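One structure below.
The values are calculated or read from the model by the stated rules, or taken from the named source; none is laboratory data. Predicted, not measured: the structure shown is a model, and the values here were computed from it. Don't worry about glycine lacking a Cβ; one is built from the backbone with ideal geometry, like all the others, and counts go over all protein chains shown. All accessible areas refer to the heavy atoms of the entire protein, side chains included, with ligands and DNA or RNA removed. Shrake-Rupley method; radii C 1.70, N 1.55, O 1.52, S 1.80 Å.
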Amino acid sequence: MENFYGNRLRQLRLKKGYTQIKVQMQTGIDQSDYSKLETGKRYPSFQQAQELSRLYDTSIDYIFGITDEPKPYPRSERMKKEE
């Protein structure tokens with residue numbers, strides 16, 4: 001099975017010019033765990049997927065290949081208050 005989400009995470013990270021350590025500092029996801037996400041050895045938790053979609057300014061659907069539109073969905077009022 002293709003590691004679609006891992007490849008997409010890697011592309012998004014490189015597009016931002018981030019290292020895996022920078023992702024760790026921005027999201028709190030341990031670098032070794034993030035590496036496993038990119039290589040397909042782990043699936044991201046929902047919370048991790050949320051954090052990464054915020055960091056990369058995209059949607060969870062884009063990360064998982066449900067859509068090819070990288071533009072994020074508008075945030076709900078509830079999410080705006082939590083941020």
### Query
Among the residues of the range 1-20, is any over 25 Å from K71 (Cβ atoms) and assigned to a helix (DSSP H, G or I)?
no
From the option list Y5, Y34, Y18, single residue qualifying as aromatic (F, W, Y), in contact (Cβ under 8 Å) with a residue 40 or more places away in the chain and surrounded by 16 or more Cβ atoms within 10 Å (Cβ to Cβ) is Y5
Over the range 1-30, the set of residues of a type in the set (S, T, N, Q), more than 15 Å from L55 (Cα to Cα) and within 13 Å of the chain's Cα centre (by Cα) is N7
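Can you name the residue in the range 21-34 that is part of a helix (DSSP H, G or I) and touching a helix residue (DSSP H, G or I) at 6+ places or on another chain (Cβ under 6 Å) and is also farthest from F64 (Cα to Cα) among such residues? Quick ask: steps written out before the conclusion?
Going through the range 21-34, the residues part of a helix (DSSP H, G or I) turn out to be 21-27, 31-34.
From what is left, the residues that are touching a helix residue (DSSP H, G or I) at 6+ places or on another chain (Cβ under 6 Å) are 21, 23-24, 26-27, 31, 34.
Values: I21: 22, V23: 18, Q24: 20, Q26: 20, T27: 18, Q31: 20, Y34: 15 Å.
Residue satisfying both the conditions and the ranking: I21.
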Within the range 37-47, restricting to residues that are in a helix (DSSP H, G or I) and more than 22 Å from P74 (Cβ to Cβ), the one that is most open to solvent (accessible area, probe 1.4 Å) is T39
G65 vs (1) assigned to a helix (DSSP H, G or I); (2) at positive phi: all pass except (1)
